[in-house]
Amino acid sequence: MFFNQINGVRSLSLFRSFAGQFLRRPAGIKTDSAVAQSAQRRFCSKPASAETGSQPQTVQGTGGVAATRSSFKVPGYRPSDFDKKLLIWTGRFKRKEDIPEQVSFEMIDAARNKVRVKACYGMIILSIVACIGMVILGKEAAGRHENLTAQNMEKKARYREESRKEREAAAIDKAQ
């Protein structure tokens, strides 16, 4: 049988490979080259021209120095002032003058992700400090025998007294 090819042992991986090749076939095209191309291009980020063996591009860098850039990377990105601050704060560059005019988007994205993670860590730490502070304040209030029930009862008694005085004042004004 088809699945008993390797020393008579049933191979599940062979079946998965065959089924994957069959399912990746484009609907309208049934040639072997289309199947091979779709199988080769599954998780690749390179454009088709990079597969043919094209050489890296030479780009004129700052200061007249030629820099090579591989053909599958996203072209340069001009960082804003905020992006430059992020690149410095994440430790990618030491000074603002060290940052080139064109930076890859991956570098900016990595810096933003690092800042996002640092901000999350900061919020976690602030939340923990706030929780500990609330516990301390609550224990101090419990030591003074203050609780929310007693405070609410005092407030309602004060409101009842004020409303009783207002009714008496309105009754006196009506009588005159």
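One line per residue, one yes/no per condition, for (1) surrounded by 10 or more Cβ atoms within 10 Å (Cβ to Cβ); (2) modelled with pLDDT under 90; (3) outside any helix (DSSP H, G or I); (4) not charged (D, E, K, R):
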{"residue": "GLU101", "(1), (2), (3), (4)": "no, yes, yes, no"}
{"residue": "LYS114", "(1), (2), (3), (4)": "yes, no, no, no"}
{"residue": "VAL117", "(1), (2), (3), (4)": "yes, no, no, yes"}
{"residue": "CYS120", "(1), (2), (3), (4)": "yes, no, no, yes"}
{"residue": "ALA130", "(1), (2), (3), (4)": "yes, no, no, yes"}
{"residue": "HIS145", "(1), (2), (3), (4)": "no, yes, yes, yes"}
{"residue": "ALA150", "(1), (2), (3), (4)": "yes, yes, no, yes"}
{"residue": "MET153", "(1), (2), (3), (4)": "yes, no, no, yes"}
{"residue": "ALA169", "(1), (2), (3), (4)": "yes, no, no, yes"}
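The set of residues from the range 75-126 being out of contact with any Leu (no Cβ under 7 Å at 6 or more places or on another chain) and basic (Lys, Arg) comprises ARG78, LYS84, LYS85, ARG92, LYS94, ARG95, LYS96, LYS114, ARG116, LYS118.
Condition (residue is under 30 Å from TYR77 (Cα atoms) and among the charged types (D, E, K, R)) applied to the range 116-123: is it met by at least one residue? Yes: the range 116-123 contains one or more residues that are under 30 Å from TYR77 (Cα atoms) and among the charged types (D, E, K, R).
The values are calculated or read from the model by the stated rules, or taken from the named source; none is laboratory data. Everything numeric in this text was worked out from a predicted model, so none of it was measured. Counting neighbours? That spans all protein chains shown, and the Cβs are built from the backbone with ideal geometry, glycine included.
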